[in-house]
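Read-outs throughout are calculated quantities, based only on the coordinates presented, and are distinct from any laboratory measurement. Keep in mind that what you see is a predicted model, and the values were worked out from it rather than measured. Neighbour counts are summed over all protein chains in view; Cβ atoms, including those assigned to glycine, are modelled from backbone coordinates with ideal geometry.
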Amino acid sequence: KGEGCKVDKLSKIAELTGGNVTRVNPEKIMDDFSNILKEELVGRDVDVKVRLHNSTKFRNEEAQYLSENGSLYQKNLGNVTASTEIIFEYEPKSQDELKALNLDVEKLEEIPFQAQITYTSSTNDRYMRVITLKVKITDNLENASKDVNIKMIAARVSHLTSAQAESGNLIEAKRFNKKWDRFLSSNVEKFNQDNKELQRHYKNFKETNKKLIGSVNKNLQRKVRRGSITMINKIEELDEDDKKSLANDLDNLSNEGSDDEDAVNFFQFKREIGRAHV
């Protein structure tokens, strides 16, 4: 802490190799290193494949990890601990894509998913674990919103908001976060009023997400005040309501902090928000 380390670059290396990023406080260096070493490794050289039904495709994933018209996700995670998570979104393919595949989705009542996890154990043995499940299809939004895994959704919102922010797409990060926040408040919270456990996790998500958006706003504020032309132009593209909201956010923030601090925050938020208050 206190020195520029280009954490935005280091965090990309850590993510590719299954590592972590910690800003070390010189006054608490022993505590910081103890925390770094506390998570036990459960797998090395971990390869993950997730296969969707042909009628669906992954959404908001990097193209380099996708194949088979977007229905297969494959990535090497490097080292994995018990807290490692992969969370993904999917959506129906377009009518033209379905027609080309000769698929009639109207006849589908459920769709299958499969994950294949190949890894090297602590004894240097190579294993594969296969997980398969089927999910029923519904066009009833209330049914789909009942008893959802709010922690999983929270982790996904955090991951993509942070990933966009890390890449410098701060306006996009705010838009994405706002869209999911509206969905959760309009549907998930609304249709689960009697579920006290879900309501508790939703409240925790709101509190933690507020901190994440605070980090996005601070980073945005610093770029605007440094005169970033790209960022100013993007702000001009917003509608008037979003401009007013953003102006209010920026007026209520200080210039404290650094780009390194933001980078670490985004990296940690991607990993932690889904497990907060478990």
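Using the C-alpha atoms of segment 98-240, what convex hull volume per residue, in cubic angstrom, is computed?
On the way: hull volume 33.5 nm³, N = 143.
Normalising the Cα hull of segment 98-240 by residue number yields 234 Å³.
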If I take R0 = 22 Å and measure r between the Cβ atoms of Glu91 and Ser185 in this structure, what FRET efficiency does the formula 1/(1 + (r/R0)^6) give, to the nearest 0.05? 0.55
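Please list 101-111, 43-53 highest first by mean number of surrounding beta-carbon atoms within 10 Å per residue.
The packing order, highest mean first, is 43-53, 101-111.
Ranking request for peptides 119-128, 164-173: highest mean number of other beta-carbon atoms within 10 Å first, then the rest in descending order.
Ranking the peptides 119-128, 164-173 by packing returns 164-173, 119-128.
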May I ask for the Kirkwood hydrodynamic radius of segment 181-222, worked out over all distinct Cα pairs and given in angstroms to one decimal? 11.4 Å
Would you please give the FRET efficiency between Asp242 and Asp125, computed as 1/(1 + (r/R0)^6) with r the Cβ-Cβ distance and R0 = 45 Å, to the nearest 0.05? 0.25
Could you work out how far apart the two model spin labels at Asp194 and Lys107 are, taking each label as a point 7 Å from the Cα in the direction of the beta carbon, and quote it in nm? 3.8 nm
List the lysines whose Cα lies under 28 Å from the Cα of Lys28, skipping any in the same chain that are fewer than 8 positions away. Lys1, Lys6, Lys9, Lys12, Lys38, Lys210, Lys211, Lys218, Lys270
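For Thr138 and Lys178 in the same chain, what is the full-extension length gain: residue separation times 0.36 nm, less their Cα-Cα distance, in nm? The partial results should precede the final answer.
Values: separation 40, 0.36 × 40 = 14.40 nm, distance 2.51 nm.
Roughly 11.9 nm would be gained on extension.
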For the pair Glu68/Arg51, report the inter-label distance in nm, with labels modelled 7 Å from Cα in the Cβ direction. 0.4 nm
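Would you please put 80-88, 131-139 in order of how densely packed they are, using the mean number of other Cβ atoms within 10 angstrom per residue and starting with the highest? Can you show the working numbers first?
Values: 80-88: 14.1, 131-139: 9.9.
In descending order of packing, they fall as 80-88, 131-139.
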Entries in Lys93/Lys174; Lys146/Lys190; Lys99/Lys179 that, when Cα-Cα distance is taken, lie over 21 Å: Lys93/Lys174; Lys99/Lys179
